[in-house]
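The values are calculated or read from the model by the stated rules, or taken from the named source; none is laboratory data. Since the model is a prediction, treat every value here as computed from it, not as a measurement. Note that we place each Cβ from the backbone using ideal geometry, even for glycine, and neighbour counts take in every protein chain shown. What goes into the accessible areas is simple: the full protein's heavy atoms, side chains included, and nothing from ligands, DNA or RNA. Shrake-Rupley method; radii C 1.70, N 1.55, O 1.52, S 1.80 Å.
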Amino acid sequence: MSILVNKNSKVIVQGITGGEGAFHSQQMIDYGSNIVAGVTPGKGGSFILEQNIPVFNSVEEAQSNTNANVSIIFVPPAFASEAIIEASEANIELIVCITEGVPINDMAIAMKVLEKNKTRLIGPNCPGIISVDECKLGIMPGFICKKGTIGVVSKSGTLTYEAIGQLASVGLGQTTAVGIGGDPIIGTTMKEILELFEKDQETEGVVMIGEIGGQMENEAALWAKKNMTKPLVGFIAGQTAPPGRRMGHAGAIVSGGDDTAEAKMQIMKESGIEVCESVADIGEKMKKSLETI
Amino acid sequence: MKIHEYQGKEIFKSFNIPVPIGYAVNKLDDVEKVIKKVQNESKKDAVVVKAQIHAGGRGKGGGVKFSSGLSTAVNNANKIFGMNLVTHQTGERGQKVRKILIEEASNISKEFYCAITLDRSLGQFVFMVSTEGGMEIEKVAEETPEKIVKVWIDPLIGMKSFHARKLAFGLQLTGSAYKEAVNLFLNLFKCFIRTDASLAEINPLVLTNDNKIVALDCKLNFDGNALYRQKDILSLRDTNEEDPTELEADKFDLNYIKLDGNVGCMVNGAGLAMATMDIIKISGGEPANFLDVGGTASADTVKNGFKIILSDKNVKAILINIFGGIVRCDRVANGVVEAVKELGLDVPVVVRLEGTNSEEAKEILARSKLSIIPASDMKDAALKVVKSI
């Protein structure tokens with residue numbers, strides 16, 4: 001088992017004919033993901049990636065011809081929120097938006113459409129999802145993952161890789177790794193991913209990696225305190241970040257109060273989460289947590 | 001992106017939000033002329049001289065002076081212009097005042113607080129007002145939260161009159177001032193959306209003795225992601241207010257923020273970059289910077305990154321931490337070797353490369369015979385770089 005995507009997921013790629021879209025589509029196919037179609041308005045009727053993948057003019061057309069249930073978005077920031085809305089209106093169940101730099105007002109509007117249609121969105125500004133040996137959606141390097149029993153959820157891309165690398169070094173594989181993105185408005189929260197991992201029978205432990213800014217980690221921690229039965233190891237990046245500065249992710253701004261690294265780590269500790277003071281302890285802590293069950 | 005108060009007030013005017021009569025001055029020679037102009041137009045002697053820097057806390061730092069007439073105003077302008085204004089937001093270094101705003105003094109009956117921003121957890125805009133204006137709103141929120149009236153605005157529906165009425169009633173306004181406030185709130189929301197602002201704050205918003213509602217201050221921040229469609233806003237950027245090294249990094253598409261320590265860092269990804277700074281600190285060092293070279297780090301990126309890090313004279317050692325996904329470690333290693341040869345580094349460089357093509361990368365570094373210190377993981381890297389100083 002895994003969460004969000006598996007080998008039965010039928011995936012379309014919005015923006016498949018662009019440089020990024022084409023490159024990563026090939027990578028995803030090589031990993032074993034079931035990419036059934038691409039969408040680029042104006043290029044409908046053509047084929048791409050060694051003539052294997054049909055391109056359609058709209059998500060609606062692509063969906064009705066292939067019965068796809070998942071879409072991944074690689075379109076430029078100015079068009080990303082529309083791409084999300086288009087996929088949602090075409091009855092896609094899960095959308096992953098990789099695009100970085102989507103205006104916040106655009107995302108605020110897109111979120112309301114997703115709510116109405118009950119569509120799940122991961123991202124934007126995220127590395128995507130890997131359900132190990134089943135389906136890779138996004139830009140994560142597949143080869144670092146090994147099939148196993150740990151779920152990983154993170155706001156940051158390369159820090160997700162770091163966590164996976166450390167899990168591997170202590171002999172732990174993963175079920176699914178999810179990069180939820182670091183923007184102020186994102187489709188799926190850390191708490192929602194924890195809920196999915198808690199329900200997933202194969203997942204035995206979870207690593208959650210947060211950052212300064214926002215309240216998402218606190219919300220997840222308070223939920224976990226009441227509901228999570230599986231071991232949970234946490235880390236927050238940005239303990240040394242100066243207040244009021246934007247650190248790459250639009251979300252990673254410390255504005256005071258309980259969105260600092262210290263405050264979040266405190267709340268996580270109080271919620272029974274094994275909190276890593278140092279990023280280097282993630283693998284070891286997870287191993288120990290599993291041994292003490 | 002931030003802008004100056006005087007620029008924000010020009011934007012306010014274009015959205016029919018009332019502001020005091022005032023003009024910005026950027027050279028001392030013009031001060032007297034502009035003061036007289038403000039006095040003439042406002043038919044009042046008293047003016048306020050306000051330092052124009054991006055940081056808040058200007059009043060407490062001595063950057064805002066009430067002046068009863070021409071001679072005091074000229075005096076105050078002379079003092080403020082060119083001063084190094086230190087506030088709680090500028091840090092110890094302070095910020096040089098290059099522009100001042102000369103404004104008519106208002107006869108204030110009441111001071112309010114007013115702001116719009118995004119409520120992240122709800123994905124809606126929150127519009128807040130309070131009768132406790134002029135002071136620190138954080139304190140009001142903490143001590144007397146009931147004194148802050150809030151309305152949440154659905155981005156699909158937008159702001160409606162009933163929202164604005166609730167806010168105006170919340171400020172206990174009546175008669176013509178109530179009507180003016182309702183209009184101001186509706187216009188402020190329009191301004192917020194049309195300019196892709198991330199924060200619009202008026203503190204204080206005032207009721208004058210002659211019963212007018214006026215925005216005495218103005219703070220507008222904008223969503224950096226939306227600047228591509230806000231050319232007019234982008235033209236208001238004042239690079240004097242930004243760190244010169246950060247500006248230089250911006251040219252190379254590098255995400256750099258200067259800090260006060262002596263360990264320079266170069267990392268791919270914002271989260272990993274922050275975690276690298278943190279582990280340097282835990283290992284007993286102090287990070288000199290945040291530097292995210294992004295998802296497409298090439299040999300060139302690495303070289304430019306080195307140049308930026310080394311322009312900070314506090315840097316005594318450098319830690320490179322790359323976890324290659326799309327980024328190929330061998331390319332990064334080549335970049336490191338080239339840069340070290342070309343720039344002739346005289347500080348120790350610790351390199352940790354993991355992920356795509358990391359084995360090839362380690363060979364490249366070993367073959368180069370340069371004094372680059374390899375590290376096996378993040379902990380190892382942080383300990384080695386701190387020890388190398």
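A few comments on the model shown:
- Neighbour-limited loop hits for GluC sites (Glu not before Pro), region A:11-83 (at most 12 other Cβ within 10 Å; DSSP other than H, G, I, E, B): A:Glu50
- Over 20 Å (Cα to Cα) - which of B:Lys13/B:Lys79; B:Lys50/B:Lys147; B:Lys36/B:Lys65; B:Lys258/B:Lys362 fall in this group: B:Lys13/B:Lys79; B:Lys50/B:Lys147; B:Lys258/B:Lys362
- The alpha-carbon of B:Lys231 sits under 14 angstrom from the alpha-carbons of these aspartates and glutamates, leaving out residues fewer than 8 places away in its chain: B:Asp196, B:Asp223.
- Accessible surface buried once A binds B (1.4 Å probe; total of both sides; Å²): 3600 Å²
- Cα-based Rg / Dmax (Å) for chain B: 25.8, 81
- Those residues of region A:5-21 whose amide nitrogen sits under 19 Å from the label point placed on A:Lys43, 7 Å along Cα→Cβ: A:11-21
- Test item: A:152-159 mean partner chain Cβ contacts at 10 Å: 6
- For region A:128-291, the Kirkwood hydrodynamic radius comes to 15.5 Å, computed from all pairs of different C-alpha atoms.
- Two-decimal Rg/Rh across region B:35-106, once Rg and the Kirkwood Rh are taken from alpha-carbon atoms: 1.01
- Of all aspartates and glutamates in the structure, the ones whose alpha carbon falls short of 14 Å from that of B:Lys190, not counting any fewer than 8 places away in one chain, are B:Asp154, B:Glu201.
- In chain B, helical runs assigned H by DSSP with n ≥ 4 each contribute -39500 (n - 2.57); averaged across all residues and rounded to the nearest 500, the mean residue ellipticity at 222 nm is -11000 deg cm²/dmol.
- Hydrodynamic radius by Kirkwood, which averages 1/r over all alpha carbon pairs of region A:86-188, in angstrom: 14.2 Å
- Ignoring the sites themselves, chain A has its longest run without trypsin sites (Lys or Arg not before Pro) in a DSSP loop having at most 13 other Cβ atoms within 10 Å at A:119-293.
- Members of A:Lys225/B:Lys2; B:Lys99/B:Lys281; A:Lys136/B:Lys369; A:Lys116/A:Lys155; A:Lys147/A:Lys288; A:Lys43/A:Lys146 lying beyond 29 Å, as alpha-carbon distances in this model show: A:Lys225/B:Lys2; B:Lys99/B:Lys281; A:Lys136/B:Lys369; A:Lys43/A:Lys146
- Angle in degrees between helix B:378-387 and the longest Cα principal axis of chain B, rounded to the nearest 10: 90 degrees
- Under the convention that each Lys and Arg Cβ holds +1 and each Asp and Glu Cβ holds -1, the size of the dipole of chain B around its Cα centre is about 760 debye.
- Using alpha carbons only: equivalent-ellipsoid semi-axes of region B:2-132, gyration tensor based, whole Å: 27, 19, 13
- Region B:119-217: GluC sites (Glu not before Pro) falling in loop per DSSP and having at most 14 other Cβ within 10 Å: B:Glu136
- Separation of alpha-carbon centers, region B:239-293 and region A:31-51, rounded to whole Å: 40 Å
- Selection from B:Leu236, A:Gly238, B:Gly63 lying farthest towards where the dipole of the protein assembly as shown points positive, charges on Cβ: B:Gly63
- About the Cα centre, charge dipole magnitude for the protein assembly as shown (Lys/Arg +1, Asp/Glu -1 at Cβ), debye: 1400 debye
- Sites B:Asn84 and B:Glu142 - FRET efficiency at Förster radius 35 Å, r taken between beta-carbons, to 0.05: 0.65
- Evaluated with a Cβ-only charge set (Lys, Arg +1; Asp, Glu -1), region A:128-291 carries a dipole of roughly 140 debye about its Cα centre, given to the nearest 20.
- Hits among aspartates and glutamates - C-alpha to C-alpha of A:Lys7 under 20 Å, sequence gap 8 or more where chains match: A:Asp30, A:Glu93, A:Asp133, A:Glu134, A:Asp200, A:Glu202
- Sequence-ordered 3J(HN,Hα) estimates for region A:143-154 from the Karplus curve with 6.51, -1.76 and 1.60 and θ = phi - 60° stand at 5, 7, 8, 10, 4, x, 10, 9, x, 10, 10, 8 Hz, glycine and proline given as x.
- For B:Cys218, the residues whose amide H sits under 5 Å from its own are B:Asn203, ignoring neighbours fewer than 5 places away on the same chain, with H placed 1.01 Å from N.
- Pair B:Lys313, A:Lys147: separation of 7 Å Cα→Cβ label points (nm): 6.0 nm
- Among the GluC sites (Glu not before Pro) in region B:48-122, those located in a DSSP loop and surrounded by at most 12 other Cβ atoms within 10 Å of their own Cβ are B:Glu92.
- Full-extension gain in nm, B:Glu360 to B:Asn240, via 0.36 nm per residue minus C-alpha separation: 38.8 nm
- Sorted from longest to shortest, the spans of the Cα atoms of region B:258-314 along the three principal axes equal 31, 25, 14 Å.
- Pairs of alpha carbons in region A:11-122 whose separation is greater than 25 Å (percent): 13 percent
- Based on the convex hull around the alpha carbon atoms, region B:128-187 presents an average projected area of 4.5 nm².
- Volume per residue that the Cα convex hull of the protein assembly as shown spans, once the total is divided by residue count, Å³: 161 Å³
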